[in-house]
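J.: My questions will all concern the structure given below.
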Amino acid sequence: MIASPQTLEVESTSTSACEVKEAELTTPVPGAEDENLYLIGRPTLKQFVRYVRSHAVNPPGSGTLAEEWQAANDVVRTLEKDEAGCADNPQIIKIEITPKYELLLTEFLKDPLVRHNFNTVPTEVAMVELDRLVVYQKHIDLTFVRQLEKKLGPAPSDEEIFRTCLPYDHPQPPVKWSRVDGDSFVFVSPSNDLRFLGTMPLQASHVKDYPPPGNLVGVVGIAVGFGSNFLNAVAAENRIILNNGSHRAYALREMGFTHAPCIIQHVASREQLSIVASSDIRHGADYFLKHPRPSMLKDYFNPKLRKVMTVRRRIHQVTVKFEVDEIAVPAV
């Protein structure tokens, strides 16, 4: 999940406020190109045209794009009638502690990212049917998918698939960061999983091997990094929505696998959904949970619902800024 900007107030002899602002943008890499798939027919025509114009190396004219979108939208309307309810009540096959999975589950469940980030609602590790997953991700980086498929090989074992979907070692993508001025830091990575992770109130004892600038009262940590990178989903109102891991789910389905291991968070209310789901799911909850035929993972493979295009490669940038305001206030 992407944390929203927060304001953290730190109490001391005077009142100080530290405001964290998150900015995300992508910057084209000159000469580098990738292949992307964009799911059309459901996002608005305006969103589709904007994406193609800003990403494609050779974007078609607006008229051509409008025709493609309308044709896909007609297919969507047909699916809404012919496949109404097909996302409802998908099967969840819990992965039991058997000799085959005992070590894998033990390694995974003792991961601190699992213990601390998947403890809000009832959670389980299970096999899910890929085609019936509801998806919110509009585009897939096919170049990255090919890299995943190459890494897995033509016949990956169950253990290799488990570790790909639910890694416990968390390999970190390349990232660089630096201070650009007194109150701004910029982080850059080719991975679009780079994100603002929130703020952390720290004590002086938490800061090691760094000379203190004074007699510390408290430290505000502004965290930037990567998410848990698990194939994870949210089970709500008789549907399963893919929360993270679209590229791995796509790669496995393209390789012929119908099911994949996933960590599933079961939510009992929209209030719980607002805590564990991504911002796109939260903002479009009625569509993903109530629409008779929402976007599903199998739609990525329908040639009538996707547009494949060559795009300029981009990097992901997160800029973090902070403000300090020192004032004198009347004593109470």
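J.: Over all directions, how big on average is the projection of the convex hull of the alpha-carbon atoms in segment 132-256, in square nanometres? Display every interim value, and only then the final one.
T.: On the way: hull surface 46.8 nm².
Mean projected area of the Cα convex hull: 11.7 nm².
J.: Hey, another quick one. Name all residues of segment 173-213 having a backbone nitrogen under 14 Å from the label point set 7 Å from the Cα of THR120 along its Cα→Cβ direction, giving them as ranges.
T.: Within reach of a label on THR120, which here means backbone N under 14 Å from a point 7 Å along Cα→Cβ, segment 173-213 contributes 197-199.
J.: On each of the three principal axes of the Cα atoms of the chain, give max minus min coordinate, whole Å, ordered largest first.
T.: Rounded to whole Å, the extents work out to 69, 56, 41 Å.
J.: Could you list which residues have their amide H under 5 Å from that of ARG313, counting only those 5 or more apart in sequence or on another chain, with H placed in the peptide plane?
T.: VAL29, ALA32, GLU33, ASP34
J.: Can you give the three extents of the C-alpha atoms in segment 39-106 along their principal axes, from longest to shortest, in whole Å?
T.: That works out to 58, 34, 14 Å along the principal axes.
J.: With every protein chain present, what accessible area does ARG282 have (1.4 Å probe, heavy atoms only), rounded to the nearest 10 Å²?
T.: 80 Å²
J.: Quote to one decimal, in nm, the extra length available between HIS170 and TYR287 on full extension: 0.36 nm per residue of separation minus the C-alpha distance between them. Can you show the working numbers first?
T.: On the way: separation 117, 0.36 × 117 = 42.12 nm, distance 3.23 nm.
Separation in residues times 0.36 nm, less the Cα-Cα distance, equals 38.9 nm.
J.: I'd like the FRET efficiency for SER178 and LYS46, computed as 1/(1 + (r/R0)^6) with the beta carbon distance as r and R0 of 30 Å, rounded to 0.05.
T.: Efficiency computed from Cβ-Cβ geometry: 0.25.
J.: What is the extension gain from THR310 to GLU80, computed as 0.36 nm multiplied by their sequence separation minus the C-alpha to C-alpha distance, in nm to one decimal?
T.: 79.8 nm
J.: Which one, SER274, GLN317, VAL207, is farthest towards the positive end of the dipole of the chain when Lys and Arg carry +1 and Asp and Glu -1 on their Cβ?
T.: Farthest along the dipole direction, towards plus: GLN317.
J.: Out of segment 194-260, which trypsin sites (Lys or Arg not before Pro) are coil in DSSP terms and have no more than 16 other C-beta atoms within 10 Å?
T.: LYS208
J.: Using R₀ = 45 Å, calculate the FRET efficiency as 1/(1 + (r/R₀)^6) where r is the Cβ-Cβ separation of GLU326 and LEU113; round to 0.05. Display every interim value, and only then the final one.
T.: Values: r = 37 Å, r/R0 = 0.81.
With a Förster radius of 45 Å, E is 0.80.
J.: In whole Hz, with x marking every Gly and Pro, tabulate ³J(HN,Hα) for segment 272-286 from phi via Karplus 6.51 cos²θ - 1.76 cosθ + 1.60, θ = phi - 60°.
T.: 5, 4, 5, 8, 9, 8, 5, 4, 4, 5, 4, 6, x, 4, 4
J.: How big is the Kirkwood radius of segment 225-276, worked out from every pair of different alpha carbons and given in Å to one decimal?
T.: Final number for the Kirkwood radius of segment 225-276 is 12.0 Å.
J.: Using 0.36 nm per residue of separation minus the Cα-Cα distance, give me the extension gain between GLN91 and VAL57 in nm, one decimal.
T.: Full extension of this stretch gives 8.2 nm more.
J.: Let me ask another. Hey, any idea what the orientation-averaged projected area of the convex hull of segment 207-323's Cα atoms comes to, in nm²? Mind dumping the intermediate values first?
T.: On the way: hull surface 51.4 nm².
Quarter of the Cα hull surface area: 12.8 nm².
J.: For the chain, what is the accessible area per residue in Å², given a 1.4 Å probe and the full set of protein chains?
T.: Each residue of the chain exposes 55 Å² on average to a 1.4 Å probe.
J.: Counting only GluC sites (Glu not before Pro) that are in a DSSP loop and have at most 16 other C-beta atoms within 10 Å, tell me the longest site-free stretch of the chain.
T.: Maximal segment without exposed cleavage sites: 97-236.
J.: Follow-up. When the accessible area of the chain is computed with all protein chains present and a 1.4 Å probe, what percentage of it is carbon and sulfur? Let's see the in-between values first.
T.: Working: 9630 of 18220 Å².
Accessible surface attributable to carbon and sulfur in the chain totals 53 percent.
J.: Jot down the radius of gyration and Dmax of segment 256-332, Cα atoms only, both in angstrom.
T.: Cα-based Rg and Dmax for segment 256-332 come out at 21.7, 69 Å.
J.: What order do CYS262, CYS86 take when sorted by accessible area (1.4 Å probe), most exposed first?
T.: Ranked from most to least accessible, the order is CYS86, CYS262.
The values are calculated or read from the model by the stated rules, or taken from the named source; none is laboratory data. The structure displayed is predicted, hence computed values, not measured ones. Here the Cβ is made from the backbone with ideal geometry for all residues, glycine too, and neighbour counts use every protein chain on show. Areas reflect the complete protein model, heavy atoms only, side chains present, ligands, DNA and RNA absent. Shrake-Rupley method; radii C 1.70, N 1.55, O 1.52, S 1.80 Å.
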